[in-house]
Amino acid sequence: MKRDIFSLKGKVALVTGGNQGIGKVVAGYLADAGAHIVIFDLNDASAVAEAIAKEYGVQAAALVVDVTDPQAVEEAIQKAAGIMGTLDLLFNNAGICLHKPALEVSPQEWLKVIDVNLNGIYYVATAFARYLVAHGKTGNVVNTASMSGTIVNIPQGQASYNASKAAVAHLSKSLAVEWAPLGIRVNSISPGYIRTEMTGTVRKDWQDYWVSTIPFRRMGTPEELAGAVIYLLSDASTYTSGHDMIIDGCFTVV
Ligand code: NDP
């Protein structure tokens with residue numbers, strides 16, 4: 001390619017929820033595209049960061065951060081920028097899912113899902129944007145929403161998750177408009193059923209039902225999301241902001 005518009009060379013990318021699943025795999029792909037990586041996760045992702053640094057010859061670091069704690073997030077952003085020299089890109093991806101009928105979900109359980117999936121996304125995105133503005137920089141955010149923000153999955157009850165993800169997609173659009181004058185783009189991806197630690201433990205008969213209803217007749221892999229994240233974080237998409245990219249093997253099309 002003569003013009004390397006998909007390159008992330010020399011950029012520093014922050015990935016939340018990068019200790020496993022989608023975050024871990026996509027972090028590797030961002031490094032392959034040239035980005036240095038810093039991971040925020042509830043768990044110590046040092047081993048993931050070391051493996052990425054070794055395989056792709058980039059700088060990589062990991063910080064234990066609970067994205068539901070705004071103060072901790074703010075401090076971690078400053079610390080990450082100190083370690084990496086700067087921050088340019090954010091893959092805001094940490095999330096949890098609760099499979100439970102709404103009539104059985106306690107207020108605490110409801111709040112927990114909303115806290116991680118919506119408030120966490122907001123705290124990290126705004127702390128990241130504050131850092132950029134304070135340092136006179138432009139930047140770029142991709143939030144992980146879900147196809148569950150567009151459709152209602154069955155047979156499992158997951159109203160809290162679905163509501164949180166619909167909110168993430170609309171929050172992304174709202175921030176995209178607010179931050180357009182600041183040169184900060186904000187997009188979201190909405191994956192369909194993806195085989196990760198999150199979905200791997202779900203009862204087999206539900207997984208079989210899901211697969212039977214996906215036109216592709218299979219779940220996706222985290223690798224199949226990487227191209228979209230690279231596209232949205234790179235100069236290949238400089239006129240794209242406030243977009244929600246659904247990647248779901250046609251699930252929401254039918
Ligand atoms: P995983 O559970 O495999 O990975 C999520 C990571 O985020 C885990 O390492 C988890 O730690 C971490 N995490 C959870 N809560 C917090 C927190 N409060 N602060 C910091 N880190 C946290 O999930 P996936 O990789 O499957 O999902 C990643 C994202 O993609 C989520 O937002 C999810 O909703 C979304 N998504 C997933 C789909 C799928 O089919 N897998 C489909 C559509 C969207 P711990 O393990 O300790 O909880």
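The values are calculated or read from the model by the stated rules, or taken from the named source; none is laboratory data. None of these values were measured; they are calculated from a predicted model. Note that each Cβ is placed from the backbone with ideal geometry, even for glycine, and that neighbours are counted across all protein chains shown. With ligands, DNA and RNA removed, areas are computed over all heavy atoms of the protein, side chains included. Shrake-Rupley method; radii C 1.70, N 1.55, O 1.52, S 1.80 Å.
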Whenever you get a sec, compute what percent of the accessible area on the chain sits on carbon and sulfur atoms (1.4 Å probe). 56
Find how much the distance from residue 109 to residue 221 grows on full extension, using 0.36 nm per residue of separation minus their present alpha carbon separation; answer in nm with one decimal. 37.5 nm
How many lysine pairs does region 1-132 hold where the Cα atoms are under 25 Å apart and the two sit 8 or more places apart or on different chains? 12
Kindly rank 26-37, 201-212 from highest to lowest mean number of other beta carbons found within 10 Å of each residue. 26-37, 201-212
Full-extension gain in nm, residue 170 to residue 151, via 0.36 nm per residue minus C-alpha separation: 5.4 nm
Sort 64-75, 225-236 by the packing proxy (mean of other Cβ within 10 Å over each peptide's residues), most packed first. 225-236, 64-75
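Counting pairs of Cα atoms in region 25-76, how many percent are more than 12 Å apart?
Details: 786 of 1326 pairs.
Across region 25-76, Cα pairs with separations above 12 Å total 59 percent.
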Does anyone have the angle between helix 21-32 and the longest principal axis of the chain? Alpha-carbon axes, 0 to 90°, nearest 10? 30
Evaluated at q = 0.08, 0.19, 0.20 Å⁻¹: base-10 log I(q)/I(0), Debye formula over Cα of region 93-251: -0.25, -1.20, -1.28
Highest mean first, how do 49-60, 155-166 rank when packing is the count of other Cβ atoms within 10 Å averaged over residues? 155-166, 49-60
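Please grab the % of Cα pairs in region 173-254 that end up more than 20 Å from each other.
Percentage above 20 Å: 45.
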Binning at 10 angstrom from zero up to the longest distance, how are the C-alpha pair distances of region 78-162 distributed in percent? 16, 39, 24, 16, 5
Taking only Cα atoms, what is the 0 to 90° angle, nearest 10, from helix 70-84's long axis to the longest principal axis of the chain? 50
For the chain, give me the percentage of DSSP beta bridges that are antiparallel, rounded to the nearest 5 percent. 0
Given a Förster distance of 30 Å, report the FRET efficiency between residue 53 and residue 236 from their Cβ-Cβ distance, rounded to the nearest 0.05. 0.75
Given a 1.4 Å probe, how much area per residue of the chain is accessible, in Å²? 46
